[in-house]
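What follows is a set of notes on a single structure, which appears directly below.
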Amino acid sequence: MDAAKYVNAAMICTIYGDILADPFEFDGSQTGFQVLKKAIDETKESYQLTDVILGIETTAHYYEDLVRISMEEGCTRN
């Protein structure tokens, strides 16, 4: 994910760089996070995945809400 002030961008790929879901944008609101979560859930189901690693390009402090909401949704920090 590329965390930005107004519009975040993400794509879903394997650790080898194979793109599973084309890049898409979402805003920094709870609704925007639901767009991200839906894309992850649909990709997990399509490819029968069990685990997801979230990678966030940290720009200033804009990533902090994404991390906080992810943790509230049950993501663990490693």
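Do you know which residues across segment 68-77 are among the hydrophobic types (A, V, I, L, M, F, W, C) and part of a helix (DSSP H, G or I)?
Those that are among the hydrophobic types (A, V, I, L, M, F, W, C) and part of a helix (DSSP H, G or I): ILE69, MET71.
Tell me whether segment 3-16 contains one or more residues that are touching a residue at least 40 places away in the same chain (Cβ under 8 Å) and within 18 Å of GLU72 (Cβ to Cβ).
Yes, some residue in segment 3-16 is touching a residue at least 40 places away in the same chain (Cβ under 8 Å) and within 18 Å of GLU72 (Cβ to Cβ).
May I ask you to say which residue of ASP51, ASP65 is part of a loop (DSSP other than H, G, I, E, B), out of contact with any strand residue (DSSP E or B) (no Cβ under 7 Å at 6 or more places or on another chain), modelled with pLDDT under 95 and of a type in the set (Asp, Glu)?
On the way: ASP65 fails: part of a loop (DSSP other than H, G, I, E, B).
When all the criteria are applied, what remains is ASP51.
Please specify each residue of segment 48-61 satisfying the condition of being open to solvent by 70 Å² or more (accessible area, probe 1.4 Å), within 16 Å of ALA10 (Cβ to Cβ) and among the hydroxyl-bearing types (Ser, Thr, Tyr).
THR58
Yes/no matrix, rows are residues, columns are (1) among the β-branched types (Val, Ile, Thr); (2) assigned to a strand (DSSP E or B); (3) touching a His at 6+ places or on another chain (Cβ under 6 Å); (4) surrounded by 12 or more Cβ atoms within 10 Å (Cβ to Cβ):
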residue	(1), (2), (3), (4)
ASN8	no, yes, no, yes
ILE12	yes, yes, no, yes
ILE15	yes, no, no, no
ALA21	no, yes, no, yes
PHE26	no, yes, no, yes
THR31	yes, no, no, no
LEU36	no, no, no, yes
ALA39	no, no, no, yes
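The values are calculated or read from the model by the stated rules, or taken from the named source; none is laboratory data. This structure is a prediction, so every number in the text was calculated from the model and none was measured. Cβ: placed from backbone, ideal geometry, glycine included. Neighbour counts: every protein chain shown. We work out accessible area using only protein heavy atoms, side chains counted, and drop any ligands, DNA or RNA first. Shrake-Rupley method; radii C 1.70, N 1.55, O 1.52, S 1.80 Å.
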